[in-house]
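For reference, the structure is listed below as structure tokens.
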Amino acid sequence: MNDPLRAALAELLDGLPPTEVAAAVDRLIANYRGDTPTHAPILRDRADVAAYAAYRMPATFEAVRSALDAFADAVPGWTPRSHVDVGGGTGAATWAVTATWPGERGVTVLDWAEPALALGRQLAAANPALKDARWQRARIGADLTLDATDLVTVSYVLNELAEADRAALVAAAAAAARSVVIVEAGTPAGYDRVIEARDLLIRAGFRIAAPCPHSAACPIVPGTDWCHFSARVGRSSLHRQVKGGSLAYEDEKFAYVAATRLPAEPAPARVVRRPQIRKGQVLLDLCEAEEQLRRTTVTKRHGDLYKAARDADWGDAWPPYGSGS
């Protein structure tokens, strides 16, 4: 997590009783990891918003930034001039966008929880790129309409919606944006929602920029596996208290799709499991442009490619962008 956001969260949470925040966190865990649609905002009051800031905002930031980094690699030289964050709550995705593409742009955050929007405004005061952002209350669902924009982000929102509302939201994003990035929890249910959105975006004329190296059907057989990735999240002291952990970090599992109407250069392949490093070789599980999953072995005889394989991480493009391989 970048330093300005960490500092802003620390100031916001200073003095809050960890036990009070932890009680709200327990309920949030059930909602964000579940797959039951809700018909009211998950973030209902100040206590919920504080719990979210301590528990979910850092993880959301890192997951969205990871997805945006992969997308940015596929659309080199492009910078969004406008951004709408749908269901953005406290604005984690807006911070991730400014970390990926520094500078000011038109930013609108839409959410149906006014306490979350209020906290987002407060935090945004620490980020010059968000000083003119608009924080607007909106019902996220079938009646949502969006103004034209370069980029729409939708992070950890689809799990809150019924199927018809999910489809309507994706359709609204596709109609308004040049590029759409959707992030969900890295669970089988989260993956299913991402694939559902991916299919809708392709039918709307988008091409997939990341993580997939193609815009064809996902090669994973339904019910046998799911595509997801991992982002390292640094924990604050309060974060460790409310989560009941002692480590200074945790790994956030997430699924995502980044789709665009722009010219894009998807990765030739994507590492879809943690690389297995063994003596003199690295085993990489890849999703490839040929619409297949395949394990490849990179050995010392591959020279620089072997060095790249030893440095490769789960979710990376393969071979690395700019490697020339």
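Residues in the stretch 130-160 that are over 25 Å from residue 209 (Cα atoms) and of a type outside the set (A, V, I, L, M, F, W, C): 131, 132, 134, 136, 137, 139, 141, 143, 160.
Checked against (1) modelled with pLDDT of 95 or more; (2) surrounded by fewer than 21 Cβ atoms within 10 Å (Cβ to Cβ); (3) more than 24 Å from residue 261 (Cβ to Cβ), residue 225 passes all but condition (1). Here residue 123 clears all of (1) in contact with a helix residue (DSSP H, G or I) (Cβ under 7 Å, 6 or more places away or on another chain); (2) at pLDDT 95 or above; (3) surrounded by 20 or more Cβ atoms within 10 Å (Cβ to Cβ) except the condition numbered (2). The set of residues from the stretch 104-152 being charged (D, E, K, R), under 19 Å from the mean Cα position of the chain (by Cα) and within 11 Å of residue 84 (Cβ to Cβ) comprises just one member, 150. Within the stretch 89-116, the set of residues being surrounded by fewer than 24 Cβ atoms within 10 Å (Cβ to Cβ), among the hydrophobic types (A, V, I, L, M, F, W, C) and more than 19 Å from residue 181 (Cβ to Cβ) comprises 112, 113. Number of residues in the stretch 101-124 that are closer than 25 Å to residue 159 by Cα and not aliphatic (A, V, I, L, M): the value is 7.
Given the criteria modelled with pLDDT under 95, surrounded by 12 or more Cβ atoms within 10 Å (Cβ to Cβ) and aromatic (Phe, Trp, Tyr), does residue 306 qualify?
no
Restricting the first member to the stretch 100-114 and to residues that are at negative phi, and the second to residues that are exposed (fewer than 15 other Cβ atoms within 10 Å of the Cβ) and among the small types (Gly, Ala, Ser), no beta-carbon pair is closer than 7 Å while six or more apart or on different chains. Take the conditions free of Cβ contacts under 8 Å to residues at least 12 places away in the same chain, assigned to a helix (DSSP H, G or I) and assigned by TED's automatic domain parsing to the domain that holds residue 217 and apply them to residue 165. Does it pass? Answer is no for this residue. Number of residues in the stretch 141-161 that are free of Cβ contacts under 8 Å to residues at least 60 places away in the same chain and over 21 Å from residue 97 (Cα atoms) equals 5. Checked against the criteria, residue 125 counts as touching a Lys or Arg at 6+ places or on another chain (Cβ under 9 Å) and in the same structural domain as residue 55 (by TED's automatic domain parsing).
Restricting to the stretch 140-162, name every residue that is assigned to a loop (DSSP other than H, G, I, E, B) and among the hydrophobic types (A, V, I, L, M, F, W, C). Answer for the stretch 140-162, where residues must be assigned to a loop (DSSP other than H, G, I, E, B) and among the hydrophobic types (A, V, I, L, M, F, W, C): 140, 142, 144, 146, 148, 157, 161, 162.
The values are calculated or read from the model by the stated rules, or taken from the named source; none is laboratory data. Nothing here was measured: the structure is a model prediction, and the numbers come from that model. Note that each Cβ is placed from the backbone with ideal geometry, even for glycine, and that neighbours are counted across all protein chains shown.
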